[in-house]
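> Before I ask anything, here is the structure I am working with.
What follows is calculated from the coordinates using simple rules that are stated; it is not laboratory data. Quick caveat: nothing in here was measured; it's all calculated off a predicted structure. Every residue, glycine among them, receives a Cβ derived from its backbone with ideal geometry; neighbour counts consider all protein chains shown.
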Amino acid sequence: MDASTRRRARREQPQRFEHAAPNDLWQMDFKGHFPIARGRCHPLTVIDDHSRFALGIRACNDETDATVRGELTTIFRRYGLPYRMLMDHGSPWGSANAEHRYTRFEVWLLELGVSVSHGRPYHPQTQGKDERFHRTLASEGIGRRSFVDLVACQRRFDEWQTIYNTERPHEALGLATPIARYRPSQRSFPERLTPFDYGTGAVLRRVSDTGWLSFRGLSLKLGRAFADRQAALRPAAEDGCFDAFFCGHKVASFDLREAAP
């Protein structure tokens with residue numbers, strides 16, 4: 001094999017990337033819903049990027065904000081909090097509306113101290129591990145089985161999740177099982193949120209129920225997802241520009257020179 005052929009072969013090999021430690025990043029998505037005797041099942045899946053450990057396969061009856069928060073809270077209580085979560089742009093965690101960059105679900109995660117990332121639109125490779133997990137779940141966990149209700153679905157998901165995590169060798173892990181590389185997070189789920197300390201030098205402003213805040217005589221739009229919450233403004237590197245922070249996360253930038261009447 002000559003040098004050019006070797007270079008081409010290296011380029012064509014799939015590039016695997018994983019985060020350095022468990023709980024650095026979790027990937028979350030809904031697998032395509034399917035019919036059951038009593039309605040439809042919407043499987044919500046959450047996996048750890050580093051270990052491929054399946055943190056949850058939840059049989060849901062819909063894909064709403066309230067449902068996802070409830071299921072994710074159960075997972076958080078069991079495994080602790082990740083540092084970041086990766087999701088696509090679909091509802092309820094994403095928004096295609098540029099004027100409302102953040103959703104209420106994302107704001108909830110930020111309040112918990114969990115950063116939020118989204119895969120590139122029409123680029124499922126960003127969440128490749130979760131996509132691959134869904135294919136394995138469909139073929140091995142669900143297959144051609146018929147289910148009466150969500151209880152039966154959850155029973156099967158729990159059985160298969162144990163097999164996947166503790167018994168099934170994973171090729172990307174050198175044939176180790178995910179549980180061999182996973183450990184729960186040391187960041188426990190807070191049952192009650194405490195006010196965030198923004199430190200000195202931050203100017204605090206309350207966001208209105210319509211998503212606006214007032215600063216230096218100007219009205220600045222942060223988004224309805226932050227309604228009735230407190231944000232902090234700090235000067236940016238360029239004169240006349242300010243960055244907005246929510247619970248330690250930079251969520252917007254404002255150029256007061258453009259906003260001035």
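> Once amide H atoms are built 1.01 Å from N in the peptide plane, which residues 5 or more positions from F215, or in another chain, come under 5 Å H to H?
Placed amide hydrogens put L220 under 5 Å from F215.
> Taking a label point 7 Å from the Cα of S214 along the Cα→Cβ vector, which residues of the stretch 234-251 have an amide N closer than 20 Å to it?
Within reach of a label on S214, which here means backbone N under 20 Å from a point 7 Å along Cα→Cβ, the stretch 234-251 contributes 234, 242, 244-245.
> Follow-up question, since we're still on this one. Simple spin-label model, 7 Å along Cα-to-Cβ: D65 to A37 in nm?
Distance between the two pseudo-spin positions: 3.6 nm.
> Related question: Taking H placed 1.01 Å from N in the peptide plane, check which residues at least 5 places from G56 or on another chain put their amide H under 5 Å from its amide H.
For G56, whose amide H was placed from the backbone, the distant partners under 5 Å are V46.
> Please list, ordered by chain and number, the residues whose modelled amide H lies under 5 Å from the amide H of H118; skip anything fewer than 5 residues away on the same chain.
M87
> How charged is the neighbourhood of N23? Take every other residue with its Cβ under 11 Å from the Cβ of N23, and add Lys/Arg as +1 and Asp/Glu as -1.
Computed value for this residue: 0.
> Follow-up. Between the alpha-carbon centers of the stretch 23-89 and the stretch 189-261, tell me the distance in whole angstrom.
30 Å
> Return the sequence-ordered ³J(HN,Hα) values of the stretch 66-82 in whole Hz as given by the Karplus equation 6.51 cos²θ - 1.76 cosθ + 1.60 applied to θ = phi - 60°, using x for Gly and Pro.
4, 5, 5, 4, x, 5, 5, 4, 4, 5, 4, 5, 7, 10, x, 9, x
> Could you work out the relative contact order of the stretch 203-259? I mean the mean sequence separation of Cα pairs under 8 Å and 6+ apart, divided by the number of residues, in percent.
Relative CO of the stretch 203-259 lands at 27 percent.
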